[in-house]
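The block underneath contains the structure these notes are about, expressed in structure tokens.
The values are calculated or read from the model by the stated rules, or taken from the named source; none is laboratory data. A quick note: this is a predicted structure, and the numbers were derived from the prediction, not measured. Virtual Cβ from ideal backbone geometry, glycine too; neighbours counted across all protein chains shown.
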Amino acid sequence: MSPGLEQLTPCFQGILPSMFFTCSQDGTPNAAFLSHIDYVDATHVALSFQFFNKSRRNISENPYALIRVIDPDNNQGWALRLNSERIAIQNMQLKAPDAEPVAVAPGKSAAAVQITKHRRCELTYYKSEEVIMLDGEYLIRSLPARILWKLLQAHQHYGRAEFTNRELRLDKSLGLPDFKDNLETRLLLLRRRLDEKSPSVRIVPTGRGRFALELGGAVELVEKS
């Protein structure tokens with residue numbers, strides 16, 4: 001059973017950044033970081049317009065969005081599925097059933113929330129064999145494994161979630177061929193493999209030559225020789 005928002009207040013303290021996923025009217029996805037989320041009541045949160053203009057435009061065109069939050073006390077991940085109810089330009093009052101009015105600060109969007117628990121998983125990279133195992137089962141190997149491990153480490157160490165094809169091509173540690181590297185095809189196959197085998201880890205296109213790494217919960221990274 002999913003908890004209420006009041007039980008997730010540690011996730012809203014801004015200790016760990018949250019990921020905000022939106023989609024435009026034509027279906028183009030976008031991902032951005034949120035530094036904090038404001039708890040409003042048992043079914044609402046408020047988001048400041050700290051995110052990029054693209055996210056703001058998307059939420060005005062398509063009110064449905066998803067936020068991934070992490071409890072800093074236990075690293076448990078949760079998905080908040082949102083339906084944006086209104087965008088506040090001036091101070092406004094929102095009232096939930098049988099609750100006192102709650103003020104929403106200027107420039108914030110109030111959203112109704114559905115909560116989904118995310119599972120914890122372990123990804124192990126065997127460096128000598130260039131193989132990644134997901135919870136003890138084979139996931140992927142060779143160049144796609146090197147690419148995925150590079151993305152996961154960048155996310156873990158630097159909090160990155162958005163990447164470009166160009167930076168992968170310039171990264172000599174990946175060992176991409178100098179001629180006809182077929183990177184786009186390799187990324188497509190990697191994305192399909194993750195969709196098939198790993199619901200907790202996804203690669204989502206965000207634009208031409210750009211993509212986001214989406215983690216559906218806490219992921220433990222283990223590297224072995």
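Values computed for the structure shown
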read-out	value
Tally, over segment 155-188, of residues that are touching a residue at least 24 places away in the same chain (Cβ under 8 Å), surrounded by 13 or more Cβ atoms within 10 Å (Cβ to Cβ), farther than 15 Å from Val204 by Cβ and under 22 Å from the mean Cα position of the chain (by Cα)	2
Residue within segment 191-202 that is part of a strand (DSSP E or B) and modelled with pLDDT under 90 present	yes
In segment 215-225, the residues that are of a type outside the set (Lys, Arg) and either part of a helix (DSSP H, G or I) or exposed (fewer than 14 other Cβ atoms within 10 Å of the Cβ) (or both)	Glu220, Val222, Glu223, Ser225
Failed item, numbered, when Leu151 is tested on (1) farther than 28 Å from Asp73 by Cβ; (2) at pLDDT 85 or above; (3) surrounded by 13 or more Cβ atoms within 10 Å (Cβ to Cβ)	(1)
Flag for Arg186 being modelled with pLDDT of 90 or more, closer than 26 Å to Ala32 by Cβ and outside the structural domain of Gln76 (by TED's automatic domain parsing)	no
Matching option when the condition is surrounded by fewer than 16 Cβ atoms within 10 Å (Cβ to Cβ), in contact with a Phe, Trp or Tyr (Cβ under 8 Å, 6 or more places away or on another chain) and at pLDDT 80 or above, among Thr9, Thr28	Thr9
Some residue of segment 207-214 being free of Cβ contacts under 8 Å to residues at least 12 places away in the same chain, closer than 18 Å to Thr28 by Cα and not in a helix (DSSP H, G or I)	yes
